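Novice: I have a structure I would like to understand better, so I am pasting it below and will then ask my questions one at a time.
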Amino acid sequence: MRGLPRRDRLSAIINFSVVLMVITGVIVLFLRKVGDGRSLTTVGAKNIKYFTTQSNLLCGFVSAYYLVLRFGKKRKLSDIFVFLKLACTATISITFLVTAFVLAPHYGYLKLYRGQGFLFHLVIPLLVILDFCLLDTKEVRMKMRYTWMSIFPTLIYGIGYIWNLWRNGMGDTFPDPHDFYKFTTYGYNIGMLVFGGILIAAFAMACLFRHLNIRSNIRNRI
């Protein structure tokens, strides 16, 4: 990492750690032999259905992309990277918030924050958020339109989630095999409001992180 400013060296360490943690977490998930497919546990590749898994995979991909850019010949970040970085940060923040304030009260904090869940629900989200605030974006523009574009991963997942509920319906017992996030506990209408609220939260998080990054780059204390 010689030749990189201190700020970029710190980002490189964080992103390398994120890549390793995501790979470790995915291996643990895919090798899991126990799971009922309902209470946020399932077996093998079926874990890909969870927003947590998908958001962490996105962060792992973007972190790997960062390392390729920073250690490439040009060592410059691209506009598409900045957008992807903001999108994955907003997306993983939804994982963090929904887990902490929606899922954990129902399923139990110990259940969601142990083992691989400790990485996917807590450590990786916090590292990704920290890294975005540190990210040196003075060489590229942090465009405002990236904020509303950052909700696309959450929007696409939500559409798929709702389509699955519409197609298969909801079960009669808890935990529901299709509505495993309990968004429609009080009916489809409330579920749609919850979905809308999550999209607004994703947009708000993107705006917040963009602001923090710009302020951090102006001060450039690291």
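Novice: Membrane-span-like helices in the chain: DSSP H runs reaching 18 Å or more (Cα, own axis), mean Kyte hydropathy at least 0.0?
Specialist: 6-31, 51-70, 79-98, 152-168, 188-219
Novice: Next up: For the pair Val28/Arg141, report the inter-label distance in nm, with labels modelled 7 Å from Cα in the Cβ direction.
Specialist: 4.2 nm
Novice: Going by average Cβ neighbours within 10 Å, how do the peptides 58-65, 192-199, 130-137, 85-92 rank, with the highest at the top?
Specialist: 85-92, 58-65, 130-137, 192-199
Novice: Further question: Would you list Tyr109, Tyr186, Tyr66 from fewest to most Cβ contacts within 10 Å?
Specialist: Taking fewest neighbouring Cβ atoms as first place, the list is Tyr186, Tyr109, Tyr66.
Novice: Stretch Thr185-Val102 to full length: gain in nm at 0.36 nm per residue minus the Cα-Cα span?
Specialist: Length gained between Thr185 and Val102: 28.7 nm.
Novice: Right, next: Once the convex hull of the alpha carbons of the range 91-219 is built, what does its volume come to per residue, in cubic angstrom?
Specialist: Convex hull of Cα atoms, per residue: 114 Å³.
Novice: Now for a separate question. If the chain between Leu126 and Lys76 were fully stretched, how many nm would it gain, using 0.36 nm times the residue separation less the Cα-Cα distance?
Specialist: 15.5 nm
Novice: Let me ask something additional. Do the sum for the chain: with -39,500 (n - 2.57) for every DSSP H run of n ≥ 4, divided by all residues, what is the mean residue ellipticity at 222 nm, to the nearest 500 deg cm²/dmol?
Specialist: Value at 222 nm, helices only: -20500 deg cm²/dmol.
Novice: Something else about it: Compute the FRET efficiency between Phe118 and Leu4 as 1/(1 + (r/R0)^6), taking r as their Cβ-Cβ distance and R0 = 30 Å, and round to the nearest 0.05.
Specialist: Computed FRET efficiency for Phe118 and Leu4: 0.50.
Novice: Show me 44-50, 178-184 ranked by packing, highest mean number of other Cβ atoms within 10 Å first.
Specialist: Descending packing order for the listed peptides: 178-184, 44-50.
Novice: Now for a separate question. Gain in length, Ile159 to Ile218, computed as 0.36 nm per residue apart minus the alpha-carbon separation, to one decimal in nm?
Specialist: The span from Ile159 to Ile218 would gain 17.5 nm if fully extended.
Novice: Here is a follow-up. Would you list Arg9, Arg114 from fewest to most Cβ contacts within 10 Å?
Specialist: Exposure proxy ranking, most exposed first: Arg114, Arg9.
Novice: Dipole of the chain, Cα-centred, from +1 at each Lys and Arg C-beta and -1 at each Asp and Glu C-beta, to the nearest 20 debye?
Specialist: 1100 debye
Novice: When each pair of different Cα atoms in the chain is counted once in the 1/r mean, what is the Kirkwood radius in angstroms, to one decimal?
Specialist: Over the chain, the inverse of the mean reciprocal pair distance is 18.2 Å.
None of the figures in this text is laboratory data; all of them are computed from the coordinates on show. Here the structure is a predicted model, which is why all the values come from computation and not from measurement. With ideal geometry, Cβ positions are generated from the backbone for all residues, glycine too; neighbour counts draw on all protein chains shown.
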